[in-house]
Amino acid sequence: MANFNRERIAERQPHAKGSGAFGRFETTEDVTAYTRAALFQPGVETDVLARFSTVAGESGSPDTWRDPRGFALKFYTPEGNYDMVGNNTPVFFVRDPMKFQHFIRSQKRRADNGLRDHDMQWDFWTLSPESSHQVTWMMGDRGIPRTWRHMNGYSSHTYMWVNAAGDMFWVKYHFKTDQGIEFLTQEEADRIAGENADYHRQDLFEAIRDGDHPSWTLYMQIMPFAEAKTYRFNPFDLTKVWPHDDYPLIKVGTLTLNRNLTDFHTEMEQAAFEPNNLVPGIGLSPDKMLLARGFSYADAHRARLGVNYKQIPVNTPQAPVHSYSKDGVGRVVNVTDPVYAPNSYGGPAADPSRTDHAGLWAADGEMVRSAYTPRADDDDYRQAATMVREVLDDEARERLVLNVAGHLSGGVSDQVLARAFEYWKNIDHELGERIEAAVGATVGA
């Protein structure tokens with residue numbers, strides 16, 4: 001009974017509801033001109049763990065809620081683990097990491113009644129105009145994927161790639177589903193949430209069990225290092241995409257999930273993904289949100305799983321690991337003296353040749369404690385407007401209006417409602433007027 005009382009661990013905060021599977025990534029193209037990373041050499045196959053999740057819901061919440069989906073990958077490379085912590089959207093709600101915790105609180109539950117609240121969601125969004133691009137994505141068709149197998153995955157963040165000659169590039173990852181993009185309507189998602197809160201989790205498990213292995217093709221957008229300095233908007237701004245006309249997709253390889261979990265707790269609840277898990281040829285960028293996540297994700301794992309969480313088998317690299325860390329809760333790998341560096345007794349030493357210029361980019365204005373410096377095309381509403389006017393068709397725009405109006409009709413206060421109408425009119429005036437009319441008709445009824 002005492003053991004049973006201690007079987008639970010803290011759930012993730014956020015991304016608590018999710019699941020995943022194991023698989024393989026095969027590099028089918030030659031991208032050695034851009035990166036020396038071992039996993040991206042032609043013909044190389046790498047073991048992978050994938051995890052998909054909602055953002056705001058708790059571990060028992062329905063996985064068909066309207067929400068972005070996490071798309072996290074752990075590559076077990078011969079040079080160590082490489083983690084890509086992304087979403088099924090190419091952008092995010094905020095670009096200032098100090099706003100992240102406030103954003104998550106606005107999407108979770110009120111302090112007084114413990115209920116989720118549309119008013120505080122829209123209160124935060126309308127006071128944060130940089131959210132408009134992501135909110136347009138989330139309120140559209142792709143806000144509720146039909147299954148995890150039928151959605152794309154994106155790094156969202158900009159990363160760095162470095163080739164064998166030391167040339168540096170800024171890159172974005174695009175995992176395009178080979179199953180095709182499919183989505184649930186709001187009505188379908190609401191019905192399924194009441195029938196099966198684990199609909200997406202069950203779908204993935206049963207598809208792999210039955211031999212229907214889902215796959216994604218990886219494409220990269222690649223920007224030469226120097227072009228970032230003068231590009232027309234900040235290429236490290238997480239609320240914006242790079243237009244494909246400027247930086248077309250370059251095919252890299254295929255991700256296939258082909259093996260289910262055998263112990264959900266040890267292989268999924270204890271799986272720890274963190275963007276600071278890097279390998280030679282891959283680095284971070286001046287994206288402020290990415291740099292903050294480089295610290296905060298690992299720290300979240302220490303708090304939730306213990307300081308030795310990397311010794312949990314699912315998090316252990318397939319490559320040899322040398323570390324001077326010792327002791328702490330959950331320590332299972334023996335250490336030997338000396339337990340410090342530098343030393344005179346033959347202990348492992350850092351080898352600079354195993355790294356490269358990834359992470360050594362010049363901090364010439366980006367790495368300062370201030371907001372991003374606006375550029376010619378930096379505008380919080382412009383890319384959301386492009387999506388509404390040029391990407392969505394008439395039917396998708398109509399569904400967007402109905403989705404937003406339905407959400408705004410769920411207990412949003414008058415002052416926030418007024419700001420929400422203005423928010424959408426700033427994206428597209430006609431669309432905003434249609435949303436306002438639809439809310440008025442709903443409230444009037």
message = Between Leu238, Leu261, Leu255, which is within 22 Å of the chain's Cα centre (by Cα) and not in a loop (DSSP other than H, G, I, E, B)?
response = Leu255
inquiry  = Suppose we keep only residues that are under 14 Å from the mean Cα position of the chain (by Cα) and of a type in the set (Ser, Thr, Tyr) within region 151-186. Which one would you say is surrounded by the most Cβ atoms within 10 Å (Cβ to Cβ)?
reply    = Ser156
ask   = Within region 241-258, is there a residue that is acidic (Asp, Glu) and surrounded by fewer than 19 Cβ atoms within 10 Å (Cβ to Cβ)?
value = yes
First in region 46-72 and under 24 Å from Arg110 (Cβ atoms), second anywhere and among the small types (Gly, Ala, Ser) and part of a loop (DSSP other than H, G, I, E, B), Cβ under 6 Å, 6 or more apart = Glu58/Ala16; Ser59/Ala16; Pro62/Ala197; Trp65/Gly57; Asp67/Ala56
inquiry  = One residue is enough: does region 187-194 have a residue meeting the conditions part of a loop (DSSP other than H, G, I, E, B), open to solvent by 20 Å² or more (accessible area, probe 1.4 Å) and acidic (Asp, Glu)?
reply    = no
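For (1) of a type in the set (A, V, I, L, M); (2) over 29 Å from Lys310 (Cβ atoms), each residue gets a yes or a no:
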site	(1), (2)
Gly70	no, no
Glu79	no, no
Asp83	no, no
Val91	yes, yes
Ile104	yes, no
Arg109	no, yes
Arg116	no, yes
key: Boolean, Asp123 is surrounded by fewer than 22 Cβ atoms within 10 Å (Cβ to Cβ), outside any strand (DSSP E or B) and out of contact with any Asp or Glu (no Cβ under 8 Å at 6 or more places or on another chain)   = yes
request  = Answer yes if at least one residue in region 133-141 is more than 26 Å from Phe295 (Cα to Cα), among the polar types (S, T, N, Q) and open to solvent by less than 10 Å² (accessible area, probe 1.4 Å), and no otherwise.
outcome  = yes
request  = Inspect all residues belonging to region 290-305 and state whether any of them is touching a residue at least 60 places away in the same chain (Cβ under 8 Å), of a type outside the set (Phe, Trp, Tyr) and open to solvent by less than 10 Å² (accessible area, probe 1.4 Å).
outcome  = yes
message = Filter region 32-57 down to the residues that are under 21 Å from the mean Cα position of the chain (by Cα) and among the polar types (S, T, N, Q) and list them by number.
response = Thr46, Ser53, Thr54
note = Flagged in region 128-158 as assigned to a helix (DSSP H, G or I), more than 13 Å from Leu204 (Cβ to Cβ), of a type outside the set (D, E, K, R) and in contact with a Lys or Arg (Cβ under 8 Å, 6 or more places away or on another chain), in numbering order, are His133, Met138, Met139, Gly143
message = Please pick out the residue among Gly114, Gly140 that is at negative phi and small (Gly, Ala, Ser).
response = Gly140
query = Of all the residues that make up region 31-54, how many are part of a loop (DSSP other than H, G, I, E, B), open to solvent by 10 Å² or more (accessible area, probe 1.4 Å) and of a type outside the set (Gly, Ala, Ser)?
reply = 6
remark   = The residue that is modelled with the lowest pLDDT, considering only those in region 359-398 that are farther than 20 Å from Lys240 by Cβ and open to solvent by less than 50 Å² (accessible area, probe 1.4 Å), is Gly359
message = Tyr76 - would you say it is in contact with a helix residue (DSSP H, G or I) (Cβ under 8 Å, 6 or more places away or on another chain) and not in a loop (DSSP other than H, G, I, E, B)?
response = no
request  = Tell me which residues, restricted to region 334-345, are under 17 Å from Pro320 (Cα atoms) and open to solvent by 70 Å² or more (accessible area, probe 1.4 Å).
outcome  = Asn334, Thr336
query = Considering Gly140, Gly153, Gly166, which residue is under 20 Å from Gly406 (Cβ atoms) and small (Gly, Ala, Ser)?
reply = Gly140
request  = Read through the list (1) in contact (Cβ under 8 Å) with a residue 24 or more places away in the chain; (2) open to solvent by less than 30 Å² (accessible area, probe 1.4 Å), then give the number of the only condition that Leu278 fails.
outcome  = (2)
query = Is at least one residue of region 78-98 modelled with pLDDT of 95 or more, more than 22 Å from Asn276 (Cα to Cα), open to solvent by 40 Å² or more (accessible area, probe 1.4 Å) and not acidic (Asp, Glu)?
reply = no
query = Does Pro68 meet the test of being open to solvent by 10 Å² or more (accessible area, probe 1.4 Å) and modelled with pLDDT of 95 or more?
reply = no
key: Single residue of region 1-23 satisfying the filter (more than 29 Å from Trp65 (Cα to Cα) and in a loop (DSSP other than H, G, I, E, B)) that is most open to solvent (accessible area, probe 1.4 Å)   = Met1
ask   = Which of (1) acidic (Asp, Glu); (2) in a strand (DSSP E or B); (3) free of Cβ contacts under 8 Å to residues at least 60 places away in the same chain does Glu26 not meet, given it meets every other one?
value = (3)
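The values are calculated or read from the model by the stated rules, or taken from the named source; none is laboratory data. Keep in mind the model is a prediction, meaning the values are calculated, not measured. Neighbour counts run over all protein chains shown; Cβ positions are idealised from the backbone, glycine included. Only protein heavy atoms, including side chains, enter the accessible area calculation; ligands, DNA and RNA are left aside. Shrake-Rupley method; radii C 1.70, N 1.55, O 1.52, S 1.80 Å.
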